[in-house]
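The values are calculated or read from the model by the stated rules, or taken from the named source; none is laboratory data. These figures come from a predicted structure and were not determined experimentally. Here the Cβ positions follow ideal geometry from the backbone for every residue, glycine too, while neighbour counts run over all protein chains shown. Only protein heavy atoms, including side chains, enter the accessible area calculation; ligands, DNA and RNA are left aside. Shrake-Rupley method; radii C 1.70, N 1.55, O 1.52, S 1.80 Å.
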Amino acid sequence: MDILWAEDGALTAREVGRLIADRDLAPTTVMTVLDRLTRKGFLHRTRDGRAWRYQPAESRDAYIAELMLEALDLTGDRSAALTRFAQAVSGPEAEILRRALTELEEE
């Protein structure tokens, strides 16, 4: 996912394989992983001749936000979890949250 998020456009499995510098993976392994990520909804793919081109279904930020919401669903007390989270963020991060909440209220 990191490789696809770093690119501006869609990539083929071969292109993804070339960009994975630290591992010597078989092309079929890369294709299998990309296919599974597509079936799970993390990637979109389009046909390009005989190959498929893959791109993220969502931005990295949207994916992380979804993970955070899923983590909140795991708690029995969302209010307590949110309060604990708010206590743990830095001052600048808290200000970002305040601005985002204010903008939502103004909509």
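Just want to confirm a number: the relative contact order over region 3-91, from Cα pairs under 8 angstrom separated by 6+ residues, in percent.
25
Report ³J(HN,Hα) in whole Hz for each residue of region 27-38, in order, from the Karplus equation J = 6.51 cos²θ - 1.76 cosθ + 1.60 where θ = phi - 60°; Gly and Pro get x.
x, 5, 5, 4, 4, 5, 5, 5, 5, 5, 5, 5
Would you mind working out the accessible area per residue for region 1-100, using a 1.4 Å probe, and quoting it in Å²?
Value returned for region 1-100: 77 Å² of accessible area per residue.
Enter the accessible area of SER59 (Å², nearest 10), with the probe set to 1.4 Å and all protein chains included.
That residue has around 60 Å² of solvent-accessible surface.
Would you kindly compute the Cα radius of gyration of the chain and its largest Cα-Cα separation (Dmax), both in Å?
Considering the chain through its Cα atoms, Rg and Dmax are 18.7, 52 Å.
Using alpha carbon centroids, what distance separates region 84-107 and region 1-59, in Å?
After rounding, the separation between the Cα centres reads 35 Å.
About the Cα centre of the chain, what is the dipole size in debye to 20, counting +1 per Lys and Arg Cβ and -1 per Asp and Glu Cβ, all else neutral?
Numbers: 15 positive and 20 negative charges, 152 e Å.
In debye, rounded to 20, the chain gives about 720.
Given a 1.4 Å probe and every protein chain left where it sits, what share in percent of the accessible area of the chain is carbon and sulfur?
52
Just tell me the longest site-free run in the chain, where the sites are trypsin sites (Lys or Arg not before Pro) in a DSSP loop having at most 10 other beta-carbon atoms within 10 Å. Could you put the intermediate results ahead of the total?
Working: sites that count: ARG23, LYS40, ARG50.
In the chain, the maximal stretch lacking such sites is 51-107.
To the nearest 0.05, what FRET efficiency results for ARG14 and MET68 with a Förster distance of 35 Å applied to their C-beta separation?
Efficiency computed from Cβ-Cβ geometry: 0.55.
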